[in-house]
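The values are calculated or read from the model by the stated rules, or taken from the named source; none is laboratory data. The model shown is predicted, which means the values in this text are computed figures rather than measured ones. So basically every Cβ, Gly included, is an ideal-geometry build from the backbone, and we count neighbours across all protein chains shown. SASA here: full protein model, heavy atoms, side chains in, ligands and nucleic acids out. Shrake-Rupley method; radii C 1.70, N 1.55, O 1.52, S 1.80 Å.
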Amino acid sequence: MNRVYNFSAGPACLPLEVLKEAAEEMCDYRGSGMSVMEMSHRSSIFQDIIDEAEADLRKLVKIPDNYKVLFLQGGASQQFAAVPMNLMKNGVADYIVTGQWAKKAAKEATKYGKVKVLASSENKVFSYIPDCSSLDIDGDADYVYICENNTIYGTKYHTLPDTKGKDLVADVSSCFLSEPTDINKYGLVFAGAQKNVGPAGVVIAVIRDDLIRDDLPEYVPTMLKYKTHADAGSLYNTPPCYGIYICGKVFKHLIKEGGLEAMKEKNEHKAGILYDFLDESKMFSNPVERGSRSLMNVTFVTGNEELDKEFVKAAAARGLVNLKGHRTVGGMRASIYNAMPLEGVESLIAFMKEFEKEHR
Ligand SMILES: *Cc1c(COP(=O)(O)O)cnc(C)c1O
């Protein structure tokens, strides 16, 4: 086996221990004589898997009892439509645009109601999080929407916006489970699993009970109503069974590793040494405003596109792969999610030092 350090933004690296355990159980899950991929989602064995996954997630995040946990499909992108369809009562919503994902979500919402962009950081290529302490929130707004960690640009909200009592909805795809979160501060959070949690195909939504409505417009598809999935315990139709099973293993792994406090400490250390190096380097730099830096996605450039390309190629030859920045921004990006070991970040820094010396 030859594992690389995989800095992909998503689908991304998963804990080796989880992969090994899944491999062991691949053909015969705990004496059932079949793989989790092959079993009925109506079987009691699978019911145990999904129940345990939910219970472990609740424990890990300390999700209050008045919030439902939903295991959905369709990617985070499908939530861009599901959110306004389910949450717009007055037909008005406020969005803060800090990157492509938030921009796409805001655009999608305009199909279902009036969207106001409260703040945006597009003027500086989304390299910062705008000041959200005194926003001009619409009195009729059904919710305020943010993308909490901006995967492409490497920025993160370090303080949540003051929503003046309106429900906060957050796309937490690339920061979910990276540190403790107070779910009470949100009406709804959702995350595509393939960034920090598990395999692509699963979306986890955590939603406060009172936001799960039945009085939705006729046009809302049954599959896009949160109520459909809440009432059926995420088993209205065939869920992404195998993906949920792997997510469950990741939750257990995180609990064993010390929970989200321990993750935060580990992630701050990993990101800290990388940012420290970037701040000292004469070749590499991080284009993000200091107070807005992400712990999960660290972007950097040399200032020379050809050199960037050469770096990405040379790094890959050393087993440091997927360091190319998003196609819309270029440069480099190291996604250092929970499952990226400290040694991976240390190896990257060592290689960057070497590259800098050789190319000076
Ligand atoms: C990757 C990503 C998305 C899109 O996820 P899909 O599952 O591909 O739809 C949305 N939001 C954020 C923050 C992301 O990182």
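For segment 48-66, the set of residues classified as more than 21 Å from the chain's Cα centre (by Cα), in a helix (DSSP H, G or I) and touching a residue at least 60 places away in the same chain (Cβ under 8 Å) consists of Ile49, Glu52, listed by residue number.
In the set Gly113, Gly139, which member is more than 21 Å from Gly201 (Cβ to Cβ) and without any contact (Cβ under 8 Å) to a residue 24 or more places away in the chain? Give the steps one after another, and end with the answer.
Details: Gly113 fails: without any contact (Cβ under 8 Å) to a residue 24 or more places away in the chain.
After applying the criteria, what remains is Gly139.
Quick one: which residue in Asp142, Asp214 is away from the ligand (no atom under 11 Å from the Cβ) and at pLDDT below 95? Sole residue among the options that is away from the ligand (no atom under 11 Å from the Cβ) and at pLDDT below 95: Asp214. With respect to the conditions (1) at positive phi; (2) assigned by TED's automatic domain parsing to the domain that holds Thr151, Asp231 falls short on a single one, namely (1). Here segment 319-342 is the region considered, the condition is being open to solvent by 60 Å² or more (accessible area, probe 1.4 Å) and in contact with a strand residue (DSSP E or B) (Cβ under 8 Å, 6 or more places away or on another chain), and the residue that is farthest from Ser8 (Cα to Cα) is Val329.
Which is outside the structural domain of Asn149 (by TED's automatic domain parsing) and in a loop (DSSP other than H, G, I, E, B), of Ala339, Ala334?
Numbers: Ala334 fails: in a loop (DSSP other than H, G, I, E, B).
So the residue among Ala339, Ala334 that is outside the structural domain of Asn149 (by TED's automatic domain parsing) and in a loop (DSSP other than H, G, I, E, B) is Ala339.
Among strands (runs of 3 or more DSSP E) entirely within segment 125-212, having at least 1 residues that are surrounded by fewer than 22 Cβ atoms within 10 Å (Cβ to Cβ) singles out 168-171, 203-208. Per this entry, Lys104 is counted among residues that are among the charged types (D, E, K, R) and out of contact with any Asp or Glu (no Cβ under 6 Å at 6 or more places or on another chain).
Residues in segment 258-306 that are outside any helix (DSSP H, G or I) and either of a type in the set (Gly, Ala, Ser) or not assigned by TED's automatic domain parsing to the domain that holds Lys353 (or both): 5 in all.
The lone criterion from (1) free of Cβ contacts under 8 Å to residues at least 40 places away in the same chain; (2) aliphatic (A, V, I, L, M); (3) touching a Pro at 6+ places or on another chain (Cβ under 6 Å) left unmet by Ala200 is number (1).
If we scan segment 32-39, do we find a residue that is aliphatic (A, V, I, L, M), in a loop (DSSP other than H, G, I, E, B) and open to solvent by less than 30 Å² (accessible area, probe 1.4 Å)? Scanning segment 32-39, I find at least one residue that is aliphatic (A, V, I, L, M), in a loop (DSSP other than H, G, I, E, B) and open to solvent by less than 30 Å² (accessible area, probe 1.4 Å), so the answer is yes.
Looking only at residues of segment 183-211 that are of a type in the set (Val, Ile, Thr) and away from the ligand (no atom under 16 Å from the Cβ), we find that the one that is nearest to Phe71 (Cα to Cα) is Ile207.
Please go through (1) open to solvent by 20 Å² or more (accessible area, probe 1.4 Å); (2) over 25 Å from Gly10 (Cα atoms) for Lys107 and return the number of the only condition it doesn't satisfy. Just one mismatch for Lys107, condition (2). The residues of segment 278-292 that are more than 15 Å from Ser335 (Cα to Cα), in contact with a Leu (Cβ under 9 Å, 6 or more places away or on another chain) and open to solvent by less than 40 Å² (accessible area, probe 1.4 Å), listed by number, are Met283, Phe284.
Is there a residue in segment 293-308 that is at pLDDT 95 or above, charged (D, E, K, R), within 18 Å of the chain's Cα centre (by Cα) and open to solvent by 20 Å² or more (accessible area, probe 1.4 Å)? Looking through segment 293-308, at least one residue is at pLDDT 95 or above, charged (D, E, K, R), within 18 Å of the chain's Cα centre (by Cα) and open to solvent by 20 Å² or more (accessible area, probe 1.4 Å).
Rundown of residues vs (1) assigned to a loop (DSSP other than H, G, I, E, B); (2) at pLDDT 95 or above; (3) away from the ligand (no atom under 16 Å from the Cβ), yes/no style:
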{"site": "Lys68", "(1), (2), (3)": "no, yes, yes"}
{"site": "Pro84", "(1), (2), (3)": "no, yes, no"}
{"site": "Asn90", "(1), (2), (3)": "yes, yes, yes"}
{"site": "Ile96", "(1), (2), (3)": "no, yes, no"}
{"site": "Lys103", "(1), (2), (3)": "no, yes, no"}
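Among the conditions (1) among the small types (Gly, Ala, Ser); (2) part of a loop (DSSP other than H, G, I, E, B); (3) without any contact (Cβ under 8 Å) to a residue 40 or more places away in the chain, the only one that Ser8 does not satisfy is (3).
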